Amino acid sequence: MADDKVFDEKTRRKLEQVMLWSSRVRAGAMKGERRSTKRGTSIEFADYRNYTRGDDLRRLDWNVFARLQRPYIKLLEDEEDLAVHIILDTSASMDWPKDESAEHNKFTFARRLAAGLAYTSLTSNDRMMVTAVSDSGADSFGPARGQVQGIPMLKFMSGLKAQGVTDLNPVLINYALRARRPGLCFIISDMFSPSGYLDGINALMGRGYEVVMIHVLAPEELEPPMAGDLRLIDAETGQPQEVTIDASMREMYMRRLEAWREEIRADCRKRGAHYLMVDTSVTWEKLILQDMRRLGLLK
């Protein structure tokens, strides 16, 4: 995933004009770009704070800088920041299909989607963290703030590899216990988790996170093109399985797939979490700019 292929200029401008939104998470102490939903506030000047790396230069008070030769950021009374957490499944099953159709590869799609969400968050001056997870451990970028962190974030994304297994329950429980500040939490995964996901979602929501489950599947998983006698190899464990795929087997697969997706959707809805199933043949930009806006996660 080369840096220059993640965003074209048109997409970058669109992402810079929107912000991620949470109606359930308590705002932080730092000032950001979003408007508060609290009544009785205004957009009047409130205070100054020292400039820190990553702050939006549009908020710099140039008059003060000219007089004192020190950079200060203006704070307004009704602006708050949001903690944005992006948890990316980097298991081997995400790196599929492995063919010339790279645009449909789940891991390529997931990294671009994560990068789009991260860039939107950085542009809004939110406190953003990306964590790539698998059984080999967690690799994180952040917490980071400010558009200046966009290029380092893209380099981090480019260096990620899909390997091993991701068991979501222990991963999410551990994340909920370790993260210092709850916020809007995006989980991007194909949901092939050995022990499931419910305990992990419960742990996050119990700590005050607003959870968005993004279920990534490739077109070939939704409608398998295979037929006949096959020897399938599990991408994560390497275990083989002999199968015969005919019309009745395909019909059974489609029924079980739909039941599985509906089960995840119902589990999320019951707990107040958001659920988005995405086919990687659809552009990741549409998911952010249209589907998330429809759910009230983007303004």
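The values are calculated or read from the model by the stated rules, or taken from the named source; none is laboratory data. For clarity, every value in this text was computed on a predicted model and none was experimentally measured. Cβ placement follows ideal geometry from the backbone for every residue including glycine, while neighbour counts extend to all protein chains displayed.
Do you know which residues across segment 163-174 are modelled with pLDDT of 95 or more and not polar (S, T, N, Q)?
If the condition is that a residue be modelled with pLDDT of 95 or more and not polar (S, T, N, Q), then Asp167, Leu168, Pro170, Val171, Leu172, Ile173 are the ones that fit.
Quick grid of which residues meet (1) over 27 Å from Ala115 (Cβ atoms); (2) at pLDDT 85 or above; (3) within 29 Å of the chain's Cα centre (by Cα):
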| position | (1), (2), (3) |
| --- | --- |
| Lys14 | no, yes, yes |
| Val18 | no, yes, yes |
| Arg24 | no, no, yes |
| Leu76 | yes, no, yes |
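Take segment 255-291 and flag every residue that is of a type in the set (A, V, I, L, M) and free of Cβ contacts under 8 Å to residues at least 24 places away in the same chain.
Result: Ala259, Ala266, Val282.
Residue-by-condition table, conditions (1) under 21 Å from Val171 (Cα atoms); (2) in contact (Cβ under 8 Å) with a residue 60 or more places away in the chain; (3) crowded, with 20+ Cβ neighbours inside 10 Å:
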| position | (1), (2), (3) |
| --- | --- |
| His104 | no, yes, no |
| Phe107 | yes, no, yes |
| Leu117 | yes, yes, yes |
| Met129 | yes, no, yes |
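If you check Gly196, Gly164, Gly206, Gly142, which single one turns out to be within 27 Å of Trp96 (Cα to Cα) and free of Cβ contacts under 8 Å to residues at least 60 places away in the same chain?
Gly196
Looking at segment 129-143, which of its residues are farther than 16 Å from Leu160 by Cβ and either among the aliphatic types (A, V, I, L, M) or touching a Gly at 6+ places or on another chain (Cβ under 7 Å) (or both)?
Hits for segment 129-143: nothing passes.
Could you count how many residues in segment 221-251 are at pLDDT 85 or above and either buried (at least 17 other Cβ atoms within 10 Å of the Cβ) or part of a helix (DSSP H, G or I) (or both)? Give the steps one after another, and end with the answer.
Step one: of segment 221-251, the residues at pLDDT 85 or above are 221-223, 251.
From the residues that got through so far, the ones that are either buried (at least 17 other Cβ atoms within 10 Å of the Cβ) or part of a helix (DSSP H, G or I) (or both) too are 221-222, 251.
Of the residues in segment 221-251, 3 are at pLDDT 85 or above and either buried (at least 17 other Cβ atoms within 10 Å of the Cβ) or part of a helix (DSSP H, G or I) (or both).
For segment 160-177, enumerate the residues that are over 12 Å from Ala132 (Cβ atoms) and in contact with a helix residue (DSSP H, G or I) (Cβ under 6 Å, 6 or more places away or on another chain).
Leu168, Asn169, Leu172, Ile173, Ala176
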